[in-house]
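Taking it in order: structure first as structure tokens, then the write-up.
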Amino acid sequence: MSSPHRYLLLQVRNAEDPMRTQEVACFARALACDAAQIDVHDLLAGAPSQSAVARADALLFGGSGDYSVAATNDPWLDATLVVLKHLIETGKPTFASCWGFQAIARALGGTCVHDPSRAEVGSIELALTEAGRSDPVFGALPDRFIGQAGHYDRVDRLPPGAILLASSERVRNQAFTLTGRPVYCTQFHPELDRRALLERLENYPSYVDRYCGQSLSEFTRRSCRDAPDSDRLLRRFVVQMLDAPTRP
């Protein structure tokens, strides 16, 4: 059944980035909705309008091929983090992955660092924390599950009020929710299936070359798997945060 909701996807992607449209399609598939139900705003152009936010039942944040949340002395990033903090304070249900995970963490008082030594690319194993196992969204996952990843920055410290939901062997802070707020953030990409992950890596080949030391074909064979459990995470978010009679 298609979701009846409307979404606002806040992107951070250059105009020539071929993943701009792919990202919309990926979220639509993972949310079980039509792409026409997802409005898009480019944060590179500034804050979304109040009317655009008001039309949406939920906000979505995805990845970025060219921008790092760990950057310092960046006026655009500093201004964008202020915008994100305001959007979270509206109480609108929000799901953020990868760049969005890092940006929301930093906007709310956490820290993000550039750390290629802990880069994760491909299909990685994640483990629920005790809080994750009892969470209304993450609790439907098995204790260990596969997620699709592609990052070289990481959240070093979660913001105040964040509840850690999942970790990987290499990166502790892989997912969090905010106490009393309908906000979920993941370092991994639950909007990506294996096919979409490979399409993205084909467009960002430096990830595999730089962080894995393998050809794309070898990497595909060894490090890319289906992720059926995390693939259901966004639909679970919709059920619990939008369709349920009460929210946290």
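Out of LEU201, LEU178, one residue alone is of a type outside the set (Ser, Thr, Tyr), touching a helix residue (DSSP H, G or I) at 6+ places or on another chain (Cβ under 8 Å) and more than 27 Å from ARG20 (Cα to Cα). It is LEU178. Among the helices (runs of 4 or more DSSP H) confined to region 47-114, the ones with at least 1 residues that are buried (at least 21 other Cβ atoms within 10 Å of the Cβ) are located at 75-89, 99-107. Taking LEU198 as meeting all but one of (1) closer than 25 Å to PHE219 by Cβ; (2) surrounded by fewer than 21 Cβ atoms within 10 Å (Cβ to Cβ); (3) in contact (Cβ under 8 Å) with a residue 60 or more places away in the chain; (4) hydrophobic (A, V, I, L, M, F, W, C), write down the number of the exception. Of the numbered conditions (1) closer than 25 Å to PHE219 by Cβ; (2) surrounded by fewer than 21 Cβ atoms within 10 Å (Cβ to Cβ); (3) in contact (Cβ under 8 Å) with a residue 60 or more places away in the chain; (4) hydrophobic (A, V, I, L, M, F, W, C), the odd one out for LEU198 is (3).
Does at least one position in region 206-223 carry a residue that is in contact with an Asp or Glu (Cβ under 9 Å, 6 or more places away or on another chain), part of a loop (DSSP other than H, G, I, E, B) and touching a residue at least 40 places away in the same chain (Cβ under 8 Å)? Among the residues of region 206-223, not one is in contact with an Asp or Glu (Cβ under 9 Å, 6 or more places away or on another chain), part of a loop (DSSP other than H, G, I, E, B) and touching a residue at least 40 places away in the same chain (Cβ under 8 Å), which makes the answer no.
Scanning region 63-82 for residues that are among the hydrophobic types (A, V, I, L, M, F, W, C) and under 17 Å from the mean Cα position of the chain (by Cα) turns up VAL69, ALA70, LEU81. Just one residue in the set ASP226, ASP156, ASP135 is at pLDDT below 95 and of a type in the set (Asp, Glu); that residue is ASP226.
Residues checked against (1) surrounded by fewer than 20 Cβ atoms within 10 Å (Cβ to Cβ); (2) more than 29 Å from ALA71 (Cα to Cα); (3) out of contact with any Leu (no Cβ under 9 Å at 6 or more places or on another chain):
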site	(1), (2), (3)
PRO160	yes, no, no
GLN174	no, no, no
TYR204	yes, no, yes
ARG210	yes, no, yes
ALA227	no, yes, no
LEU233	no, yes, no
VAL239	yes, yes, yes
LEU242	yes, yes, yes
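Scanning region 144-162 for residues that are free of Cβ contacts under 8 Å to residues at least 60 places away in the same chain and over 15 Å from ARG172 (Cα atoms) gives PRO160, GLY161.
The values are calculated or read from the model by the stated rules, or taken from the named source; none is laboratory data. None of these values were measured; they are calculated from a predicted model. Every residue, glycine among them, receives a Cβ derived from its backbone with ideal geometry; neighbour counts consider all protein chains shown.
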